[in-house]
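Engineer: Supplied in C-alpha cells, the structure appears directly below.
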Amino acid sequence: MSVADLPKIELHLHHEGAAPPEFIKQLAHEKKVDLSKVFTADGGYAFENFVHFLSVYEAASSVLTGPEDFARLTTAILEASAANGVVYSESFLSPDFCGGGDVGAWREYLAAIQEAAEAAEVKHGITLRGVVTAVRHFGAEKSKASSLCAAETAGGFVTGFGMGGDEGQFTQGDFGYAFAQAKEAGLQLTTHAGEFGGPESVWDAIRDLNVERIGHGVRAIEDPELIKELVEREITLEVCPGSNVVLGLFPDFASHPIQKLRDLGVKVTVSTDDPPFFHTTMRREYEELAKAFGWTEEDFRALNVTALDAAFCDGETKKTVAKRLERA
Ligand code: MCF
Ligand code: ZN
C-alpha cells in the first residue's frame, strides 16, 4: 500500500477555494457571467501572486449566489475529498460569501451546506464540520458580523471561528472583538498567520486572539522563541505545503520547514488550502512529503492522530473518525 492510500484528516480547506474550475465555469455559464479573466488557457485558475490570488478567488466566488449553489459545491468538494481518502474535513465558510453577513440569510446557506454534507457522509463516509471565517482585508466591522453569524449558529456542525485573507492589512488584534464573541459562544479559534506576515503575526495571533490553532504558521521557523511558545502552548499548525510552494514562500517541498517544525516538537498537520488553485490534492500532499522527507506510514498515522486531537469537533465525532483511521 502506498502512503497516499491512507485515510486522512484535513483541517484547513476554504470552501470556495476548493471549487473545481469546471464547477465555477458551469455556474458562470448558467448565470451568464463573464469569468474569462479568472482562468488560464488550459482551464486552471489564473493568478500571479498572493494578492492577485485573493482577487481571483473573490471573482470566482461571485457566481456562488445562493444556498443551492453552496449545496452543489459542498457535494462536489466532499466527493473529491473522499476520493482522496479524506475521512474528516473542516472547511472555512465565510458569511461574507454566504448571505453578506446577515444572520437570517447565513442560516439558509448553512442549512443547505449541512444537508449536502450529511448526504455525503452517508454516501462516502466523510464528515464535514464548518469553521466560520472572517476575511481579514474586509475589515473589523465585517468580522463582527461574521462572528455574530458564527455565535448564533455555534454547536454541532459549526465548531470553530477563524480568519483568512491578506495579512498585509490590519493587525490580528484589530479583530479581537470578533474572536472574543466567537469564543464566548463556545467556538474554538484559528487564524491565518506566519504565511506572508512573518513570525510577528504568529506572536500577535497568540497574544491578541488566543487561538488554539494557526493557519499556516510556517514562518515561525524564523524565530526560536516563537517555536518554544508554540510547543509550550501546544498550538497546532495547519500546514499547507503545496499552497506555500505555489504562492512562492518556499521553492519546493524539500525546502519546506514542515519537517524541521515537527522535529522541534511543534504540532503539525497537513492540508491542501485551496486544492484546484494550487494544483494539489491530499493524495499529492502525502506523496510529495513522502518523497521529500521519506515519511512512512507511521509518520502519516501520527500526523492524523495530531490532526484528530486538534480537530474542533466533539468527542463522539472524534471517536467515529478514529475508527475510520484505524480500519484502513
Ligand atoms: O490560505 C490561503 C492563503 N492565505 C490567506 N487566505 C486565504 C487562502 N485561501 C483563501 N484565503 C482567504 C481569502 O481571502 O479566505 C477567504 C478568501 O476570500 C475565504 S474563507 C471561506
Ligand atoms: Zn488558507
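Engineer: Going residue by residue through the range 85-97, is there one that turns out to be over 16 Å from the mean Cα position of the chain (by Cα), modelled with pLDDT of 95 or more, on the phi < 0 side of the Ramachandran plot and open to solvent by less than 30 Å² (accessible area, probe 1.4 Å)?
Structural biologist: No, the range 85-97 contains no residue that is over 16 Å from the mean Cα position of the chain (by Cα), modelled with pLDDT of 95 or more, on the phi < 0 side of the Ramachandran plot and open to solvent by less than 30 Å² (accessible area, probe 1.4 Å).
Engineer: Hey, among VAL56, VAL51, which residue is within 16 Å of ligand 2 (Cβ to nearest atom), assigned to a helix (DSSP H, G or I) and out of contact with any strand residue (DSSP E or B) (no Cβ under 9 Å at 6 or more places or on another chain)?
Structural biologist: One residue alone meets the criteria, VAL51.
Engineer: Just the residues that are open to solvent by less than 10 Å² (accessible area, probe 1.4 Å) and of a type outside the set (Phe, Trp, Tyr), please, taken from the range 98-109.
Structural biologist: CYS98
Engineer: List pairs: first residue in the range 184-208 and touching a residue at least 60 places away in the same chain (Cβ under 8 Å), second residue crowded, with 20+ Cβ neighbours inside 10 Å and polar (S, T, N, Q) anywhere in the structure, Cβ distance under 7 angstrom, at least six positions apart or on different chains.
Structural biologist: These pairs meet every condition: LEU187/THR159; GLN188/THR159.
Engineer: Taking the conditions exactly as written (open to solvent by less than 20 Å² (accessible area, probe 1.4 Å) and away from ligand 2 (no atom under 15 Å from the Cβ)), does PHE161 satisfy them or not?
Structural biologist: no
Engineer: How many of the residues making up the range 157-183 are within 30 Å of ALA117 (Cβ to Cβ) and outside any loop (DSSP other than H, G, I, E, B)?
Structural biologist: Qualifying residue count for the region: 16.
Engineer: So the check is Cβ under 8 Å with 6+ separation or different chains; which pairs have a first residue in the range 1-14 that's within 17 Å of ALA290 (Cα to Cα) and a second one that's at pLDDT below 95 and outside any loop (DSSP other than H, G, I, E, B)?
Structural biologist: Here the result reads PRO7/ARG327, each pair linking the range 1-14 to a residue that is at pLDDT below 95 and outside any loop (DSSP other than H, G, I, E, B).
Engineer: I've got another one for you. In the set PHE250, PHE278, which member is open to solvent by 10 Å² or more (accessible area, probe 1.4 Å) and among the aromatic types (Phe, Trp, Tyr)?
Structural biologist: PHE250
Engineer: Give the residues of the range 63-75 that are assigned to a helix (DSSP H, G or I) and open to solvent by less than 30 Å² (accessible area, probe 1.4 Å), sorted by residue number.
Structural biologist: Of everything in the range 63-75, those that are assigned to a helix (DSSP H, G or I) and open to solvent by less than 30 Å² (accessible area, probe 1.4 Å) turn out to be ASP69, PHE70, ALA71, LEU73, THR74.
Engineer: Take the conditions crowded, with 21+ Cβ neighbours inside 10 Å and either closer than 24 Å to LEU110 by Cβ or over 20 Å from the mean Cα position of the chain (by Cα) (or both) and apply them to ALA60. Does it pass?
Structural biologist: Considered against the rule, which asks whether it is crowded, with 21+ Cβ neighbours inside 10 Å and either closer than 24 Å to LEU110 by Cβ or over 20 Å from the mean Cα position of the chain (by Cα) (or both), ALA60 comes out as yes.
Engineer: Conditions: (1) in a loop (DSSP other than H, G, I, E, B); (2) open to solvent by less than 40 Å² (accessible area, probe 1.4 Å); (3) within 16 Å of ligand 1 (Cβ to nearest atom). CYS313 meets all but one. Number of the miss?
Structural biologist: In the conditions (1) in a loop (DSSP other than H, G, I, E, B); (2) open to solvent by less than 40 Å² (accessible area, probe 1.4 Å); (3) within 16 Å of ligand 1 (Cβ to nearest atom), CYS313 misses (3) alone.
Engineer: In the range 184-219, how many are over 18 Å from HIS137 (Cα atoms), part of a helix (DSSP H, G or I) and within 16 Å of ligand 2 (Cβ to nearest atom)?
Structural biologist: Number satisfying all stated conditions: 2.
Engineer: I would also like to ask the following. What number of residues within the range 1-47 are under 30 Å from ALA307 (Cβ atoms), more than 16 Å from ligand 1 (Cβ to nearest atom) and open to solvent by less than 40 Å² (accessible area, probe 1.4 Å)?
Structural biologist: Matching residues across the range 1-47 total 6.
Engineer: Then there is this: Considering GLN172, GLN259, which residue is at pLDDT 95 or above, closer than 30 Å to GLU152 by Cβ and either open to solvent by 10 Å² or more (accessible area, probe 1.4 Å) or more than 16 Å from the chain's Cα centre (by Cα) (or both)?
Structural biologist: The match here is GLN172.
Engineer: Between GLY104, GLY125, which is out of contact with any Ser or Thr (no Cβ under 7 Å at 6 or more places or on another chain) and either within 15 Å of ligand 1 (Cβ to nearest atom) or touching a residue at least 24 places away in the same chain (Cβ under 8 Å) (or both)?
Structural biologist: Only one candidate passes the filter, namely GLY125.
The values are calculated or read from the model by the stated rules, or taken from the named source; none is laboratory data. From a predicted model like this one, the values you see are computed outputs, not experimental measurements. Note that we place each Cβ from the backbone using ideal geometry, even for glycine, and neighbour counts take in every protein chain shown. The area values use the complete protein model at the heavy-atom level, side chains included, leaving out ligands, DNA and RNA. Shrake-Rupley method; radii C 1.70, N 1.55, O 1.52, S 1.80 Å.
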